[in-house]
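Read the structure below first, then the notes.
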Amino acid sequence: MVEMKEMSFSNKSLTDLKKSYDEALQDKSFLNLVKRLELSSSDAMKITSKLQDTIRECQHCEHCSGLYMCKNAFKGHVRIPEKKMGSVIFSYAPCKYQKKFEKIVKEKEKKANLNMYARMKDIDVSGDKKRIDVIKWIDQYFDQYDFSETSKGLYLHGNFGCGKTFLISALFHELEIIKHATICIAYYPEILRELKDDWETFESKMKFYQKVDLLFLDDIGAERVTEWGRDEVLGTILQYRMEHKLPTFFSSNMSIKELENHLAGIGPMKDPIKARRIVERIKQLAIEKELISENRRN
């Protein structure tokens, strides 16, 4: 929670302040907030506009369905007033969507740290037999990998925490170290965010994703679908890699069919035909395998 001490009010005349305060009192929410904070009229009068901002931000939150809709000054946060030692302190508290986002980021950071050093020797081949088919495929892919030959990648989907990212990351690191392949392991929603936030490097990053020897798009389907992300970014990367027969790997909580429905979008931007085109490129680039297993993050 970020705290912000109450600043001195502007040079409005006392008459103007009282007029603004009296008008604000007509709002039941404002009146209730003043009562809750146990403010005297003279104290409340000095911070009328800030109290009104708090009410406005709380109202935004009531009608919000996600961070992308946030209208508050500090995205994902709402300004909350508290009375401490006789003074009103305004603090920024994260909303439920911000808390969920922060939790996801922490999970991704933990997963990234784990997968950063993944090697095939670290793959657990005992216990859960549901993983054996995928592990055998990965082992065979490593043995047969050759720059001069065309090979399809893998679209690996399954339940949360079953080790999809770890298995593919281990294969990639092994190919990088032993067979000197150039690799890219990228959390797909983060690719979209970085490309959108830095237009100066957009072209160079896109060329890298298109041309790298081995590309792994992790957690595809976790992103919010936009026409730009689907058609200009994902479609462009996959089209180039398909034309040049470059191995491409994917992990997802969705099957390819479920991904197609996701990529179609909703509302005015819904376009099942463009989603189908993306999926056909994925099918050209990778074979689909399912991994339903225990949550290994526990």
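The values are calculated or read from the model by the stated rules, or taken from the named source; none is laboratory data. Everything numeric here is computed off the predicted structure, so don't read it as measured data. No Cβ is skipped: glycine too gets one built from the backbone with ideal geometry, and neighbour counts run over all protein chains shown. Heads up: the accessible areas ignore ligands, DNA and RNA and are worked out on the full protein's heavy atoms, side chains in. Shrake-Rupley method; radii C 1.70, N 1.55, O 1.52, S 1.80 Å.
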Return yes when W228 is part of a helix (DSSP H, G or I) and within 22 Å of K257 (Cβ to Cβ) and no when it is not.
no
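What do you reckon, is K245 of a type in the set (K, R) and closer than 23 Å to V134 by Cα? Show your work before the answer.
Working: of a type in the set (K, R): yes; closer than 23 Å to V134 by Cα: yes.
Here the answer is yes, as K245 does meet what is asked.
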So, of the residues in the stretch 174-219 that are in a loop (DSSP other than H, G, I, E, B) and more than 21 Å from E243 (Cα to Cα), which turns out to be least open to solvent (accessible area, probe 1.4 Å)?
D219
Set Y68, Y145, Y141: member being of a type in the set (S, T, Y) and modelled with pLDDT under 90
Y68
Which ones in the stretch 242-260 are over 23 Å from C162 (Cα atoms) and either in contact with a helix residue (DSSP H, G or I) (Cβ under 6 Å, 6 or more places away or on another chain) or open to solvent by 70 Å² or more (accessible area, probe 1.4 Å) (or both)?
M242, E243, H244, K245
Here's a check for you: in the stretch 133-172, which residue that is crowded, with 18+ Cβ neighbours inside 10 Å and of a type in the set (S, T, N, Q) is farthest from the chain's Cα centre (by Cα)?
S169
Pick from K5, K50, K12: which is modelled with pLDDT of 85 or more and not aromatic (F, W, Y)?
K50
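Counting only residues that are among the hydroxyl-bearing types (S, T, Y) and over 28 Å from G76 (Cα atoms), which one in the stretch 15-47 is modelled with the lowest pLDDT? Talk me through it step by step, then tell me what you get.
Applying the first criterion (among the hydroxyl-bearing types (S, T, Y)) to the stretch 15-47 yields 15, 20-21, 29, 40-42.
From what is left, the residues that are over 28 Å from G76 (Cα atoms) are 15, 20-21, 40-42.
Details: T15: 80, S20: 87, Y21: 86, S40: 88, S41: 87, S42: 85.
This residue is T15.
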Selection status of E62, of a type in the set (D, E) and out of contact with any strand residue (DSSP E or B) (no Cβ under 7 Å at 6 or more places or on another chain)
yes
